[in-house]
Amino acid sequence: DQQVKQNSPSLSVQEGRISILNCDYTNSMFDYFLWYKKYPAEGPTFLISISSIKDKNEDGRFTVFLNKSAKHLSLHIVPSQPGDSAVYFCAAREYGNKLVFGAGTILRVKS
Amino acid sequence: DGGITQSPKYLFRKEGQNVTLSCEQNLNHDAMYWYRQDPGQGLRLIYYSQIVNDFQKGDIAEGYSVSREKKESFPLTVTSAQKNPTAFYLCASSNGGRAGDTQYFGPGTRLTVL
């Protein structure tokens, strides 16, 4: 049973437009959420995170929104750039600092 | 230059052989983790260690073993008991469970069992 779901396997966006990546979770005990970016054959790179007590966190072009009642979070990238093309993983933290990952969304930014 | 190193980047082994993947960090992090990534799937936790000389099984520990004799090192052994060992293996480290803690990943090792 997947506790963290990224229902869109891929997303294609035009350069300069907004990219919105979505993530749903089922476990209400998750207290911290993270987004990672991953290129092929490399390790994931930490992008941005949000505590469960907040509903928004912003860092440059990246903003993460958390809707606890809907158990939903999203990552907004504005403006999107070709270098943003990668796989994006949503992760949620449970006890003992264990992370539960979604399956990932492939983002393609077209120039 | 702080970071996490994994070696080798690519590893080939014959079926039935044990193989050990290296993970070293110089970030002075207490906690270390091993994940496995398969195509079309997210990262799945194999083992993790919150402190030296202690480790716990993750979600898919069967067929794997680890040790944590030093703070900076967390090697993973893929044994012959692992039914489907071909995968991309990722090591991570973090300060260890405090609020706002973030895991940082190494570059990964691609293991192919022939």
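Can you pick out the pairs among A:5/B:57; A:68/A:110; A:71/B:83; A:38/A:110; A:56/B:9 whose Cα atoms lie more than 26 Å from each other?
Exceeds cut-off: A:68/A:110; A:71/B:83; A:56/B:9.
Give the relative contact order (percent, whole number) for the range B:42-114; include only Cα pairs under 8 Å separated by 6+ residues.
Once divided by the residue count of the range B:42-114, the mean separation gives 21 percent.
Determine the percent antiparallel among the DSSP beta bridges restricted to chain B, to the nearest 5.
Restricted to chain B, the bridges split so that about 90 percent are antiparallel.
Using the alpha-carbon centroid of each, what span in Å lies between the range A:66-106 and the range A:40-59?
Measuring centre to centre over Cα atoms gives 7 Å.
If I take every Cα pair under 8 Å that is 6 or more residues apart in the range B:27-72, average their sequence separation and divide by the length, what percent do I get for the relative contact order?
Reported as a whole number, the value is 33 percent.
Note down the relative contact order for chain A as a percent, whole number, built from C-alpha pairs under 8 angstrom at least six residues apart.
37
For the protein assembly as shown, what proportion of DSSP beta bridges, expressed in % and rounded to the nearest 5, is antiparallel?
DSSP beta bridges in the protein assembly as shown are roughly 90 percent antiparallel.
Throughout, read-outs are computed from the coordinates displayed, never taken from laboratory work. The shown structure was predicted, so the numbers you read here are calculated from the model rather than taken from an experiment.
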